[in-house]
Amino acid sequence: MNKGLFITFEGGEGAGKTTVIKEVAAHLEALGIEVVLTREPGGIQISEKIRTIILDPVHTMMDGRTEALLYAAARRQHLVEKVIPALANDQVVLCDRFIDSSLAYQGHARGLGMDEVYSMNQFAIDGCMPDMTIFMDVTPAVGLARIHANASRDVDRLDMETNHFHDKVYEGYQILLDKYPNRIVKVNAERTPDKICAEVNQLIMNKLNEVNTLN
Ligand code: TMP
């Protein structure tokens, strides 16, 4: 049996994370690997409710620190109820967003400070960091154009932010790539989905082999 693995996916709006995660999960399952596919904020009932509050377009008065605390609260509950039990069962957890989103969006783009948001999140995650993070690299212009071309997608409060905000999110991720070169892997997500999925599948297989060889 494989050891559990915690893999998170990051990127700005329109990076295509959701599509890629689904395909990668199907690929791993076809190989007999047990996969838990989940997302932040959300993944379980309490955190999905918090998600609704955070992303409601009506909540334009939400304070930046309140926003950061709500993401962290949703993160804590999701970890305790879903991620940690799955890892204990040696499953591979594929999570759409995690702490790096808070660092890039609230810490850098919102201006709360990456170090401050990191410290605050330590209380929520209590040392549970991903084994690997895939950063789906799409420039904000391409990502936002994809979103606006997708008429079926509901526009949430974060989508309504300015282009400057989305540029800052992208800049935040570049800072994180420099800071955590061993954990975060950049994948060019401006290519076709099959090329992106093939690369991500390979990265995950390599990580699985590495973790299982070490144990
Ligand atoms: P999603 O659209 O990828 O599902 O994510 C929801 C939005 O929440 C997206 O705009 C990114 C944002 N977000 C943060 O600002 N901070 C966080 O910690 C997380 C998890 C998401």
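Points worth noting:
- Here is the figure for region 34-63: residues that are under 30 Å from I204 (Cα atoms), open to solvent by 50 Å² or more (accessible area, probe 1.4 Å) and in a helix (DSSP H, G or I) total 4.
- When residues of region 17-33 are limited to those that are buried (at least 19 other Cβ atoms within 10 Å of the Cβ) and within 19 Å of R153 (Cβ to Cβ), the one nearest to the ligand (Cβ to nearest atom): K17
Residues are listed down the side, and each one gets a yes or a no for (1) surrounded by 14 or more Cβ atoms within 10 Å (Cβ to Cβ); (2) not charged (D, E, K, R):
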{"site": "R97", "(1), (2)": "yes, no"}
{"site": "S101", "(1), (2)": "yes, yes"}
{"site": "G111", "(1), (2)": "no, yes"}
{"site": "C128", "(1), (2)": "yes, yes"}
{"site": "D131", "(1), (2)": "yes, no"}
{"site": "F135", "(1), (2)": "yes, yes"}
{"site": "A141", "(1), (2)": "no, yes"}
{"site": "R153", "(1), (2)": "no, no"}
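- Counting only residues that are assigned to a helix (DSSP H, G or I) and either at pLDDT below 95 or not polar (S, T, N, Q) (or both), region 174-211 holds 21 of them.
- Within region 72-84, not a single residue is over 18 Å from the mean Cα position of the chain (by Cα) and either free of Cβ contacts under 8 Å to residues at least 24 places away in the same chain or open to solvent by 30 Å² or more (accessible area, probe 1.4 Å) (or both).
- Positions within region 84-112 being part of a loop (DSSP other than H, G, I, E, B) and farther than 13 Å from K168 by Cβ, in sequence order: N89, D90, Q91, R97, F98
The values are calculated or read from the model by the stated rules, or taken from the named source; none is laboratory data. Predicted, not measured: the structure shown is a model, and the values here were computed from it. Here Cβ is always computed from backbone atoms with ideal geometry, including for glycine, and neighbour counts include all displayed protein chains. We work out accessible area using only protein heavy atoms, side chains counted, and drop any ligands, DNA or RNA first. Shrake-Rupley method; radii C 1.70, N 1.55, O 1.52, S 1.80 Å.
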